[in-house]
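Take a look at the structure below.
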Amino acid sequence: MKKYKIRFLTLFILIQAIVIKADAQVESLAPGVKKISSGIADKFTPYSFCEELPVKTALGELPAGKLPFDINDIKISVNNRGAIVEIPLDDSEQLYGFGMQIGSFNQRGLKIRPIVNDNPLNDLGYTHGPTTFYVSNKGYGILINTARYATFYCGNTARLSNHNTASTTTNKGANSVQELYQNDNKTSGNVTVDIPGAKGIEVFVFEGPDLKNVMQRYNLFAGGGALPAIWGLGIKYRVKADFNQQQVEKMAAYFRNNHIPCDVLGIEPKWQTAAYSCSYVWSKDYFPSPEAFIDSMKHEGFHINLWEHAFVSPKSPLYESLRNKAGNYLVWNGLVPDFADTAARKIFADYHEKSFVKEGISGFKMDECDNSNIAFGSNSWSYPELSQFPSGIDGEQMHQLFGLLYQKTIYSIYKKSNLRTFLDVRASNAFASSYPVALYSDTYDHNQYIKMILNSGFSGMIWSPEVRESNSIKDFMRRSQTAVLSAQTLFNSWYLQNPPWLQINKKKNNEGQLMGNAKEVETDIRKLFEFRMSLIPYLYNAFAAYHFKGVPPFRALVVDYPDDKNTFNLSDEYMIGDGILAAPLTEKEDERTVYLPTGYWYDYNTNQKFEGGKQYTIKPALNQLPIFIKEGTILPLAKPIEHVTTSTVFEITCYVYGDGPASAALFEDNGYTFDYETGAFNTVQLNWNGRKGKVVRSGKFKHYNYVVNSWKLIH
Ligand code: GAL
């Protein structure tokens, strides 16, 4: 009997082996982008919803990439459990990515399970942007095209078939736990991906040759990076959730009367008749005349952004039309629209277009599309993974894609209306590079916010480290510095009566008790905001490079210096565009060490010159920006304005760092529409020959957004 059992088992394993040996197909999708697939691919994947076409010309202009292994060495197998992918990995490789990871940076040696969630448990992969995409410093990227919960073993598994028995040490009386465990497993030579439930899988391979080129290929393949409306690069301030029309107007007047720059006011839940779940109808109690309100705010130079989530209240005019286009579980007693269905997306979009976009609403904050844990009890904004939707997508895949599809729905309105925007969202996924949408969350500490700026650059995402009340003025100012040095400068005062710079303590703030030194802190904040406004032309050009060339505007140092070992684990410094290195400090620090890569760098605050390849200690003041400028950079800084308008002309001073010739560019278009797509833009070339500067404009845009007033040499 026992013998029979063993024979049966052997036969079973053999049959399995025959069934699982799937033949992978390799297909070229665009220059330097290949797809390997095997088995029956899922219907609902991040790529299945990507309608943006690869920017083939720009992809073709990149230097030819070369994988450090033969593409056929990527092994795909499918068995009863699901699909497994094994990708070669050499001993010295460093891995990054997996979307908006919160606690981890260098992913080599980790087990990562990118799952959408607002609460990162034990740093295993839970995140607002659970992208199944990683990149290697050896110059390639691997994207597993799945919306399932997949697990990545990043070089930390040991296969029996590779077992080198000779290397096993025996325990001859260890003196410590470390010694006892010295026989570690991290010798797999590959990344193994487990995708339970999949009957087949597609693997996208993005070639380099270097890490920056990989990111360029990924972003260009997804349609090019986002180019937000130019006003989106100013300051965004979200008011208290229960503010009515008058209170918002009063806050707007505070900004203008005190000359504190602000471009966008965000209105939180109470603008609606029902918010949890949403009615998407103005509350006349709070906003008696929304049209007049939007107009008067526009007149004062403010754009209005409305908070909402996608769970549709029975009180909503959308309820009936979405009733049979929703999942079979509710959230906050509201429908979960089947965003995987084009018809459901259209109903949602058409309503928003007519009710809000046509009325002048400039953007939305798409909240709570990220899933939550049961730990939040009845307040959980989660539908079960076993949910079913009419389109056929299940709850697990819907969770992973919900934020992405929500963005797609809302962004489609602006695209169609030829209006640019800058939106907020709490969840995203792969191939979202072209969406002008910033991810955000309330819950993280300052270090995590900084790390997420770096990680956003590995996944075609935009991250905004928001500011609200703080532990101390130091904490508040440090967080504000980071917000000013990020893609979106957002102050989220959704539970604060007064701006946090007037009172950092939540209770006192809401009791109207302002700090004794409120005006001094306000002055410091104004100074930081003014710097942000000065930086808009430079930032806008960095976003244009994201759009046209795929270069992430905010990125880790390892992207620019992939061979420099000192950058491999550097998770608290980042590049902004090509010439600025940011090294933020947190509450705990009066000083920090900063590593400057090869070349020469200038401290922006002191103009002191530093030699790269070394570490230094810096002590920037609370009202300064902890940044360094690379030698050879022209930093075009504008005279600060309080907000951007359609007729803004930025008055620029070009700061030239270093003695040699230098050049830089500015992107010039109307900043508000997509007319640049049909050629209505200029490239404003700034050239410094070592002695004097010259501005050379080329392109079809008829107006000037920039005048260069002076050149200043820093050396
Ligand atoms: C939360 C969100 C906050 C605020 C709040 C309003 O989910 O993270 O920023 O918008 O909702 O109720």
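Values as computed for the structure displayed
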read-out: Value at 222 nm in deg cm²/dmol, rounded to 500, when DSSP H runs of n ≥ 4 in the chain each add -39,500 (n - 2.57); value: -7000 deg cm²/dmol
read-out: Probe 1.4 Å, protein heavy atoms only - accessible area per residue of the chain in square angstrom; value: 40
read-out: Environment charge of residue 26, counting only residues whose C-beta is closer than 9 Å and scoring Lys/Arg +1, Asp/Glu -1; value: +1
read-out: Segment 521-610: trypsin sites (Lys or Arg not before Pro) falling in loop per DSSP and having at most 11 other Cβ within 10 Å; value: 588
read-out: Cleavage-rule hits (trypsin sites (Lys or Arg not before Pro)) in segment 44-150: DSSP loop, at most 14 neighbouring Cβ within 10 angstrom; value: 66, 81
read-out: Most positive-pole-ward Cα, 660, 600, 344, against dipole of the chain from beta carbon charges; value: 344
read-out: Three principal axis lengths of the chain [C-alpha, angstrom, descending]; value: 90, 66, 57
read-out: Net +/- balance of residues flanking residue 249 in space, Cβ distance below 13 Å, scoring K and R +1, D and E -1; value: +1
read-out: With all protein chains modelled, accessible area of residue 204 [1.4 Å, Å²]; value: 0
read-out: Nearest-20 debye value, segment 554-623 charge dipole, Cβ charges on Lys, Arg, Asp, Glu; value: 80
read-out: Per DSSP, loop trypsin sites (Lys or Arg not before Pro) in segment 651-715 with at most 11 further Cβ within 10 Å; value: 691, 692, 702
read-out: Charge dipole magnitude, Cβ of K and R +1, D and E -1 - segment 250-384, Cα centre, debye nearest 20; value: 160
read-out: The chain, dipole about Cα centre (Lys/Arg Cβ +1, Asp/Glu Cβ -1), debye to the nearest 20; value: 680
read-out: Karplus-derived 3J(HN,Hα), 6.51/-1.76/1.60, for each residue of segment 134-148, Hz, glycine and proline x; value: 10, 10, 10, 5, 7, x, 7, x, 10, 10, 8, 7, 9, 10, 8
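The values are calculated or read from the model by the stated rules, or taken from the named source; none is laboratory data. Note that the structure is a prediction, hence the values are computed from the model and not measured. Counting neighbours? That spans all protein chains shown, and the Cβs are built from the backbone with ideal geometry, glycine included. Quick note on the areas: whole protein, heavy atoms, side chains included, nothing else; ligands and nucleic acids left out. Shrake-Rupley method; radii C 1.70, N 1.55, O 1.52, S 1.80 Å.
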